[in-house]
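Worksheet: the structure to be examined is printed underneath.
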């Protein structure tokens, strides 16, 4: 990667481009001066144009030299990339053909990504040119509403549209166990409270009007909010002053929570799957290219179809479900090979448990991690 970085630094060097811009600016200045001279003294037109031609040609030669250095660096950078990632050629043409056969799904993922990101004009044009992608037309209307609410929340600090939406969807949110409506009302209270004496008065009226219906589920939090009136002069001393002292973070958290719940009610994840897949692929690509190159040299192939040959470390935000790796076989458990807990509390995969049961002559089997014995029927499946 050092060679690529060196060529990239050479390509990214602003001195050559700056020189070219400076030389072009000089050409423009020469032309403007010549125009002014001709306007003031029309009789000197021939002499001025002769001098201008020589000066402009000289400046253009400098610009050409500057551009030549940039083009040379760009050419070297491309060659360095081809040399470094030549292992990519290990992928056969059939792999690319298989990918092209999934063009419909890829186009749909791109269109969904554009809609989710609020690029509605681009998404409409893309869908029009890509053909029928089976995307409900009302889905874009839903995301238009979401972005309108988010814009009011982030730019205008207006929570009324979000609260109205949460109350409209109260039953669905309650079924999900969501606290979105209360979080929005709580933030509305905080926004009023920090707005001076009149704000605290409005906050008290708002709390009396709105917080009553949240008492069954959020009584403790309501009580903590109301203690702010005891620390009006110095909220820093309040043990419950965090929502009032970190307003920006609170707004960001509530906006993220709103986006998550809005997408969940549409049956979608809070983040674009295309973005997540592309980012995870970019993280994994160097390792996979290296593995491909090694296997090509050793003339070996991947033996697993549903998992990668090496572990790819991804950020915690990319861990979407819990996994369990059997401590005996070192294999990750699946639906066909679930984790099983023995009476002693140790957990191993079902296949490992069955092998232990078959290996002994007695009806009982010994736990591989403690002296306790049990039977295969006593093991219970663990749901993670």
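Taking the stated definitions as given, is residue 341 more than 30 Å from residue 173 (Cα to Cα), surrounded by 13 or more Cβ atoms within 10 Å (Cβ to Cβ) and touching a residue at least 24 places away in the same chain (Cβ under 8 Å)?
yes
Here's the yes/no breakdown for (1) in a helix (DSSP H, G or I); (2) touching a helix residue (DSSP H, G or I) at 6+ places or on another chain (Cβ under 8 Å); (3) surrounded by 13 or more Cβ atoms within 10 Å (Cβ to Cβ):
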{"residue": "183", "(1), (2), (3)": "yes, yes, yes"}
{"residue": "187", "(1), (2), (3)": "yes, yes, yes"}
{"residue": "197", "(1), (2), (3)": "yes, no, no"}
{"residue": "208", "(1), (2), (3)": "yes, no, no"}
{"residue": "216", "(1), (2), (3)": "yes, no, no"}
{"residue": "221", "(1), (2), (3)": "yes, yes, yes"}
{"residue": "224", "(1), (2), (3)": "yes, no, yes"}
{"residue": "233", "(1), (2), (3)": "no, no, no"}
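Given the options 191, 152, 162, name the one that is surrounded by 15 or more Cβ atoms within 10 Å (Cβ to Cβ), part of a helix (DSSP H, G or I) and at pLDDT below 90.
Just a single option satisfies the conditions, and that option is 191.
Out of 255, 280, 284, which single residue is touching a helix residue (DSSP H, G or I) at 6+ places or on another chain (Cβ under 7 Å) and closer than 30 Å to residue 330 by Cα?
280
Output yes when any residue across the stretch 167-180 is in the same structural domain as residue 148 (by TED's automatic domain parsing), without any contact (Cβ under 8 Å) to a residue 60 or more places away in the chain, surrounded by 17 or more Cβ atoms within 10 Å (Cβ to Cβ) and part of a helix (DSSP H, G or I), and no when none is.
Within the stretch 167-180, none of the residues are in the same structural domain as residue 148 (by TED's automatic domain parsing), without any contact (Cβ under 8 Å) to a residue 60 or more places away in the chain, surrounded by 17 or more Cβ atoms within 10 Å (Cβ to Cβ) and part of a helix (DSSP H, G or I).
Yes or no, residue by residue, for (1) outside any loop (DSSP other than H, G, I, E, B); (2) under 30 Å from residue 143 (Cα atoms):
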| position | (1), (2) |
| --- | --- |
| 263 | yes, yes |
| 275 | yes, yes |
| 285 | yes, no |
| 290 | yes, no |
| 295 | yes, no |
| 311 | no, no |
| 314 | no, yes |
| 340 | yes, no |
| 343 | no, no |
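Are there any helices (runs of 4 or more DSSP H) wholly within the stretch 50-145 with 2 or more residues that are modelled with pLDDT under 80 and surrounded by fewer than 14 Cβ atoms within 10 Å (Cβ to Cβ), and if so which?
Hits in the stretch 50-145: 93-101, 103-116.
Restricting to the stretch 316-325, what's the tally of residues that are in a loop (DSSP other than H, G, I, E, B), at pLDDT 80 or above and closer than 22 Å to residue 270 by Cβ?
0
Among the listed residues 296, 290, 330, which satisfies the condition of being in contact (Cβ under 8 Å) with a residue 12 or more places away in the chain and surrounded by fewer than 13 Cβ atoms within 10 Å (Cβ to Cβ)?
The unique qualifying residue is 290.
Can you go through 258, 244, 229, 189 and tell me which one is within 32 Å of the chain's Cα centre (by Cα), in the same structural domain as residue 172 (by TED's automatic domain parsing), in contact (Cβ under 8 Å) with a residue 12 or more places away in the chain and over 19 Å from residue 160 (Cβ atoms)?
That would be 244, the only listed residue that is within 32 Å of the chain's Cα centre (by Cα), in the same structural domain as residue 172 (by TED's automatic domain parsing), in contact (Cβ under 8 Å) with a residue 12 or more places away in the chain and over 19 Å from residue 160 (Cβ atoms).
The values are calculated or read from the model by the stated rules, or taken from the named source; none is laboratory data. As the structure is a prediction and not an experimental result, all values here were calculated from the model. In this analysis, Cβ positions are derived from the backbone assuming ideal geometry, glycine residues included, and neighbour counts consider all displayed protein chains.
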